[in-house]
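Just below is one structure, and these are the notes that go with it.
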Amino acid sequence: LSLHMQDFVKILGLKHRREVAGKSAIFSGEHFVLEETDWYLLNLFRLWWHYGISFLRLQMWVEEVMEKFMRIYKYQAHGYAFSSLEELLRSLGGDAFVNMTQRSVAESLLEVGVTQRFVDDVIAAVLRSSYGQSVLVPAFAGAMSLAGAQGSTWAVEGGNKLVCSGLLKLTKANVIPARVTGVSLHSSEGRALYQVHYEGSEGQGSAFYDMVVVTTPLHPSRSNFTFENFEPPIADFPGAFQPSVTSVVHGYLNSSYFGFPDPKLFPFASILTTDTPDLFFNAMDNICPVNISAAFRRKQPQEAAVWRVLSQQPLDKQQLKTLFRSYYSVQVTEWQAYPRYDAAKSLPPIVLHENLYYLSGVEWVASSMEMIAVAAKNVALLAYSRWHQDLEKIDQKDLMHKVKTEL
């Protein structure tokens, strides 16, 4: 969660999850190319020694992108909305932001003076751990991922899912526990009326609505969703999702694999990896409970701990044996985590029909909780303004000037 999500947390009365200190390192498959220490100045010196001022150029680039992106909160506070993802991006950073969805993060960083070595070591490691993909992901998605890796994020005590359940409770939403299977178009007094079909524990059902927001990804690899009676038809959008496997392992780390024969000397709680063909995992970290007491401490490296391993394929027994001397349990979750950013070059629409909106297309700009929250508020503002024909609040130009004059 970013600092700009704190408003939700304050409203819901949730607590900030306490941070537990732990050092990170980047592993190449043979050795660590970069190691974090307990000393901030030494970390800066090592970055400078290995990569020159690339890390400063990276930080300046990310800060410039994020500073412009944060304008969305001012726009939304004044009720402004956008009918397409391109219009939203253009209002924040002009055509440059739109272009950042079409060119790679590697290309953008090399242009601003970041070295190839820094891209190969550090940028690749961050993107493998966040999106499970390479430095060829679009620049905007890459900037969001890199911003989240700089330590200004925080979590909710008890798990970030409490933000969602808390908002549902706060808004007193009527939640129907069922899987939506499709939407069919009808009309009433010249206005579109949408019939939502669903399947629940009590069988099939449906209900009519004036307005519908679709949040499931409408892509062939994810969608079991149908639209009926729409002309022209609403089809799946091109693109696929990146499979990710999360293995939660309770066991003893094999520190020898990482070059530490004595496990007591292993100093890292988080291991990122470079884009090396022989590496069978993207990242791994020693994870802490969602509820952290004041007396909680990390397990010592020679003790059995709970590790989360991210990979693109399920780990076989030999791979688990490579990473762990022994283990008590392994829990594996395989899921379609993020868009595969090389699979589509166009952004999905927000407006599918008169009062039918699509939320998840924003993931093709960048995939994160914050982006979904921004997109959700945009859809709410857009639906409200379109319903009331308040066109002065939609796709307005020069919004920074408008917002300043309104203040």
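The values are calculated or read from the model by the stated rules, or taken from the named source; none is laboratory data. As the structure is a prediction and not an experimental result, all values here were calculated from the model. No Cβ is skipped: glycine too gets one built from the backbone with ideal geometry, and neighbour counts run over all protein chains shown. We work out accessible area using only protein heavy atoms, side chains counted, and drop any ligands, DNA or RNA first. Shrake-Rupley method; radii C 1.70, N 1.55, O 1.52, S 1.80 Å.
Remarks
- Checked against the criterion of being at pLDDT 90 or above and under 30 Å from Ala380 (Cα atoms), the stretch 27-40 has no qualifying residue.
- Positions within the stretch 261-289 being outside any loop (DSSP other than H, G, I, E, B) and either of a type outside the set (Val, Ile, Thr) or open to solvent by 20 Å² or more (accessible area, probe 1.4 Å) (or both), in sequence order: Pro263, Lys264, Leu265, Phe268, Ala269, Ser270, Leu272, Ala283, Met284, Asp285, Asn286
- Those strands (runs of 3 or more DSSP E) of the stretch 158-218 in which at least 2 residues are within 28 Å of the chain's Cα centre (by Cα) and within 26 Å of Met371 (Cβ to Cβ), considering only elements entirely within it, cover 178-188, 212-214.
- Any chance Arg18 is of a type in the set (Lys, Arg), modelled with pLDDT of 95 or more and either open to solvent by 40 Å² or more (accessible area, probe 1.4 Å) or out of contact with any His (no Cβ under 7 Å at 6 or more places or on another chain) (or both): no
- For first residues located in the stretch 8-21 and under 10 Å from Ala155 (Cβ atoms) and of a type in the set (Ser, Thr, Tyr), partners that are at pLDDT 75 or above and open to solvent by 90 Å² or more (accessible area, probe 1.4 Å) and lie 6+ apart or on another chain with Cβ distances below 6 Å do not occur.
- Among the residues of the stretch 71-99, those that are under 19 Å from Ser346 (Cβ atoms), outside any helix (DSSP H, G or I) and not aromatic (Phe, Trp, Tyr) comprise Ser83, Ser84.
- Scope the stretch 94-144; condition closer than 19 Å to Val65 by Cα and among the acidic types (Asp, Glu); matching residues: Asp95, Glu107, Glu111
- Within the stretch 53-73, residues that are without any contact (Cβ under 8 Å) to a residue 12 or more places away in the chain and under 19 Å from Ala141 (Cβ atoms) have Cβ atoms under 8 Å from residues that are of a type in the set (A, V, I, L, M, F, W, C) and open to solvent by less than 60 Å² (accessible area, probe 1.4 Å) in no pair, counting only partners at least 6 apart in sequence or on another chain.
- Scanning the stretch 108-130 for residues that are of a type in the set (Val, Ile, Thr) and in a helix (DSSP H, G or I) yields Val119, Val122, Ile123, Val126.
- Pairs with Cβ under 7 Å, 6+ apart, first in the stretch 175-195 and open to solvent by 80 Å² or more (accessible area, probe 1.4 Å), second of a type in the set (Asp, Glu) and in a strand (DSSP E or B): Arg179/Glu199
- Residue match in the stretch 255-278 (condition: touching a residue at least 40 places away in the same chain (Cβ under 8 Å), over 19 Å from Glu36 (Cα atoms) and of a type in the set (Phe, Trp, Tyr)): no
- When the stretch 373-407 is limited to residues that are in a helix (DSSP H, G or I) and of a type in the set (Asp, Glu), the one that is least open to solvent (accessible area, probe 1.4 Å) turns out to be Glu406.
- Scanning the stretch 309-335 for residues that are open to solvent by 70 Å² or more (accessible area, probe 1.4 Å) and either in a strand (DSSP E or B) or in contact with a His (Cβ under 9 Å, 6 or more places away or on another chain) (or both) yields Arg325, Tyr327, Tyr328, Gln331, Val332, Thr333, Glu334, Trp335.
- A single entry from Val122, Val112, Val33, Val62 fulfils the requirement of being of a type in the set (A, V, I, L, M, F, W, C), under 23 Å from the mean Cα position of the chain (by Cα) and surrounded by fewer than 21 Cβ atoms within 10 Å (Cβ to Cβ): Val62.
- Residues located in the stretch 230-260, provided they are at pLDDT 95 or above and either open to solvent by 40 Å² or more (accessible area, probe 1.4 Å) or in a helix (DSSP H, G or I) (or both): Val248, His250, Tyr252, Ser255, Ser256, Tyr257, Phe258, Gly259, Phe260
- Residue in the stretch 290-306 that is within 30 Å of the chain's Cα centre (by Cα) and part of a strand (DSSP E or B) present: yes
- The selection criterion, being touching a residue at least 40 places away in the same chain (Cβ under 8 Å) and out of contact with any strand residue (DSSP E or B) (no Cβ under 9 Å at 6 or more places or on another chain), holds for Pro238.
- Any hit, the stretch 143-158, residues being without any contact (Cβ under 8 Å) to a residue 60 or more places away in the chain, of a type outside the set (S, T, N, Q), closer than 30 Å to Phe281 by Cα and surrounded by fewer than 21 Cβ atoms within 10 Å (Cβ to Cβ): yes
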